[in-house]
Amino acid sequence: MLEEQLLDPRRHDRQTFTSGVQELDDYLQRFAIQQSKKGITVVRVLVDTDTPKTILGYYSLSAAQVDTIQLDTRTQQKLPRYPVPCFRLGRLAAHSAHHGRGLGRLLLGCVVERCLEARKHVAAYALVVDAKGEPAKAFYEHYGFIPCHDNPMTLYLSLGA
Ligand SMILES: CC(C)(COP(=O)(O)OP(=O)(O)OC[C@H]1O[C@@H](n2cnc3c(N)ncnc32)[C@H](O)[C@@H]1OP(=O)(O)O)[C@@H](O)C(=O)NCCC(=O)NCCS
């Protein structure tokens with residue numbers, strides 16, 4: 001059974017994780033624990049409960065804000081002119097041995113669920129992500145994320161009213 005868990009260096013083997021993007025592997029191996037401890041981000045991993053040490057995918061999520069001028073014109077008209085609160089999907093990656101088998105979709109679904117749950121308690125307008133390359137950008141656009149005006153590699157998904 002696939003399960004989402006908080007990253008825990010005693011339970012999860014970070015060294016064997018490879019996504020095909022070095023920066024994302026390095027982050028998991030070198031920075032994710034530190035940043036979690038400092039309260040900068042929350043990192044969750046996806047594991048199969050039959051092989052619970054092996055990380056199949058991960059994501060990191062933080063609080064953030066977005067300048068409404070970055071958003072599409074119709075959205076801007078509904079919002080104040082100052083920055084609005086959002087969640088930032090800092091990183092998301094699936095193990096390269098399993099690309100194309102639905103893990104990315106599952107991870108993104110977990111992220112959106114977490115955001116919807118969190119915004120019952122703390123308001124956030126959108127989920128924002130910095131795509132680490134064109135394939136990643138295409139992946140997010142596939143799920144309805146919209147590129148920001150100034151920087152199309154930053155995309156957002158409105159979380160609804
Ligand atoms: C991007 C990534 C997370 C996708 O994960 P995946 O497990 O291969 O994708 P899935 O099998 O879950 O695909 C889900 C859907 O997204 C689509 N998709 C996957 N990669 C895509 C891409 N690069 N462009 C457009 N669509 C894509 C699939 O066709 C599928 O569509 P469907 O549900 O309509 O059939 C994965 O390839 C990855 O980890 N890449 C390296 C790291 C990376 O670039 N992360 C993003 C950094 S910000």
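Throughout, read-outs are computed from the coordinates displayed, never taken from laboratory work. Source: prediction; values computed, not measured. No Cβ is skipped: glycine too gets one built from the backbone with ideal geometry, and neighbour counts run over all protein chains shown.
Residues that are in contact (Cβ under 8 Å) with a residue 12 or more places away in the chain and not in a loop (DSSP other than H, G, I, E, B) were ranked within the range 124-135; the one that is nearest to residue 85 (Cα to Cα) is 126.
What number of residues within the range 141-161 are free of Cβ contacts under 8 Å to residues at least 24 places away in the same chain, closer than 15 Å to residue 90 by Cβ and surrounded by 17 or more Cβ atoms within 10 Å (Cβ to Cβ)? The qualifying residues number 1. Output yes when any residue across the range 33-45 is in contact with a helix residue (DSSP H, G or I) (Cβ under 7 Å, 6 or more places away or on another chain) and either in a helix (DSSP H, G or I) or of a type in the set (S, T, N, Q) (or both), and no when none is. Among the residues of the range 33-45, at least one is in contact with a helix residue (DSSP H, G or I) (Cβ under 7 Å, 6 or more places away or on another chain) and either in a helix (DSSP H, G or I) or of a type in the set (S, T, N, Q) (or both), which makes the answer yes.
Looking at the range 98-118 only, could you name the residues that are more than 7 Å from the ligand (Cβ to nearest atom) and in contact (Cβ under 8 Å) with a residue 24 or more places away in the chain? Those that are more than 7 Å from the ligand (Cβ to nearest atom) and in contact (Cβ under 8 Å) with a residue 24 or more places away in the chain: 108, 110, 111, 112, 114, 115, 116, 118. When 149, 121 are screened for being closer than 24 Å to residue 6 by Cβ, assigned to a loop (DSSP other than H, G, I, E, B), more than 15 Å from the ligand (Cβ to nearest atom) and not small (Gly, Ala, Ser), only 121 passes.
What do you reckon, is residue 84 more than 7 Å from the ligand (Cβ to nearest atom), surrounded by 14 or more Cβ atoms within 10 Å (Cβ to Cβ) and farther than 30 Å from residue 54 by Cα? The answer is yes for residue 84.
Reported count of residues in the range 76-103, each being more than 12 Å from the chain's Cα centre (by Cα), within 19 Å of residue 137 (Cβ to Cβ) and either assigned to a helix (DSSP H, G or I) or among the charged types (D, E, K, R) (or both), is 2. Is it true that residue 131 is within 12 Å of the ligand (Cβ to nearest atom), within 30 Å of residue 13 (Cα to Cα) and within 17 Å of the chain's Cα centre (by Cα)? The answer is yes for residue 131.
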